1. Count, please, the residues in the range 49-88 that happen to be surrounded by 15 or more Cβ atoms within 10 Å (Cβ to Cβ), touching a strand residue (DSSP E or B) at 6+ places or on another chain (Cβ under 7 Å) and assigned to a loop (DSSP other than H, G, I, E, B).
2. Does residue 143 meet the test of being touching a residue at least 12 places away in the same chain (Cβ under 8 Å), at positive phi and either buried (at least 17 other Cβ atoms within 10 Å of the Cβ) or not in a loop (DSSP other than H, G, I, E, B) (or both)?
3. Could you tell me whether residue 40 is touching a strand residue (DSSP E or B) at 6+ places or on another chain (Cβ under 6 Å), over 25 Å from residue 143 (Cα atoms) and in a strand (DSSP E or B)?
4. Have a look at 31, 60, 75 and point out the one that is modelled with pLDDT under 90 and more than 29 Å from residue 170 (Cβ to Cβ).
5. Given 107, 97, 91, 103, which one is closer than 15 Å to residue 140 by Cα and in a loop (DSSP other than H, G, I, E, B)?
6. Do the conditions hold for residue 45, that is, is it modelled with pLDDT of 95 or more and over 30 Å from residue 31 (Cβ atoms)?
7. Filter the range 105-127 down to the residues that are more than 13 Å from the chain's Cα centre (by Cα) and surrounded by fewer than 19 Cβ atoms within 10 Å (Cβ to Cβ) and list them by number.
8. Looking at (1) at pLDDT 90 or above; (2) at positive phi, find the lone condition where residue 93 falls short.
């Protein structure tokens, strides 16, 4: 199944929140560390579907993330993020229609390889069960998908993450926004 502009939540969570902590506090050979955090996304702003502000549902959503994660740094500079016992609860925060929440097992893995040209572009392969955000909603993805992000060079509007190559792959995508509407 091909999806345009899908970013795996597990990758965003691992890179933006968990990975810096895991990389700073652990080394290869150490068991996965416990993660427990929450964040919210405003109603999506789809004026530029290459930026993170366009991700999510057409209503504000809350995310509660629990479980374990580990970043394994490879000798070539690539890394693998594992997520055993990883759960994501997604909540509709709309004051008029909100309140419903769904919890998903998201124990997939992420393989990330920085391009050797120094461009700041990282190529990703995600496999298994992942909660994913995109301008079309929030999805529980099951399968194997690839995509590329620009991570370390800020865009003119200050964003540190920009979609370079939209996600494509094979698998199933369950529309979480539709389930919470």
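The values are calculated or read from the model by the stated rules, or taken from the named source; none is laboratory data. Please read all numbers here as calculations on a predicted model, not as lab measurements. Note that we place each Cβ from the backbone using ideal geometry, even for glycine, and neighbour counts take in every protein chain shown.
1. Of the residues in the range 49-88, 9 are surrounded by 15 or more Cβ atoms within 10 Å (Cβ to Cβ), touching a strand residue (DSSP E or B) at 6+ places or on another chain (Cβ under 7 Å) and assigned to a loop (DSSP other than H, G, I, E, B).
2. Against the criterion (touching a residue at least 12 places away in the same chain (Cβ under 8 Å), at positive phi and either buried (at least 17 other Cβ atoms within 10 Å of the Cβ) or not in a loop (DSSP other than H, G, I, E, B) (or both)), residue 143 qualifies.
3. Criteria met by residue 40.
4. Checking each option against the conditions leaves just 31.
5. 107
6. It is false that residue 45 is modelled with pLDDT of 95 or more and over 30 Å from residue 31 (Cβ atoms).
7. Of everything in the range 105-127, those that are more than 13 Å from the chain's Cα centre (by Cα) and surrounded by fewer than 19 Cβ atoms within 10 Å (Cβ to Cβ) turn out to be 105, 113, 114, 115, 116, 117, 118, 119, 120, 121, 123.
8. Only one criterion in (1) at pLDDT 90 or above; (2) at positive phi is unmet by residue 93, namely (2).
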